[in-house]
């Protein structure tokens, strides 16, 4: 999604859903919108390089928070991020069970 602005809750929900909201200057968005009317227009999104490339060869840089970029590139949602710590979580649970067995 490309727009001049996004509401915070929409932006956050988009990232959590694996979507990339790209915020650009309103004039750039309007120029892309007009160019998109052409039948052969394409727009390539390179998240790794944070660049849009149009079929005419124009490149447009965009900004994405480094953490959000990492999550999108790695296909990580909140659960995936947590599961990256699975070994540490298991170790904590085993240690806690040994320290306070009456809780279990």
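The values are calculated or read from the model by the stated rules, or taken from the named source; none is laboratory data. What you see is a predicted model, and the numbers here were worked out from it, not measured in a lab. Note that each Cβ is placed from the backbone with ideal geometry, even for glycine, and that neighbours are counted across all protein chains shown.
Values as computed for the structure displayed
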item: Region 64-104, residues that are under 30 Å from residue 33 (Cα atoms) and either surrounded by 10 or more Cβ atoms within 10 Å (Cβ to Cβ) or free of Cβ contacts under 8 Å to residues at least 12 places away in the same chain (or both); result: 64, 65, 66, 67, 68, 69, 70, 71, 72, 73, 74
item: Filtered residues of region 4-18 (kept if surrounded by fewer than 13 Cβ atoms within 10 Å (Cβ to Cβ) and either outside any helix (DSSP H, G or I) or at pLDDT below 95 (or both)); result: 4, 5, 7, 16, 17, 18
item: Condition check for residue 64: within 30 Å of residue 22 (Cα to Cα), at pLDDT 95 or above and touching a strand residue (DSSP E or B) at 6+ places or on another chain (Cβ under 7 Å); result: no
item: Scan of region 35-54 for residues that are over 30 Å from residue 76 (Cα atoms) and either surrounded by 10 or more Cβ atoms within 10 Å (Cβ to Cβ) or in contact with a helix residue (DSSP H, G or I) (Cβ under 6 Å, 6 or more places away or on another chain) (or both), ordered by number; result: 35, 36, 38, 41
item: Flag for residue 97 being closer than 15 Å to residue 48 by Cα and assigned to a helix (DSSP H, G or I); result: no
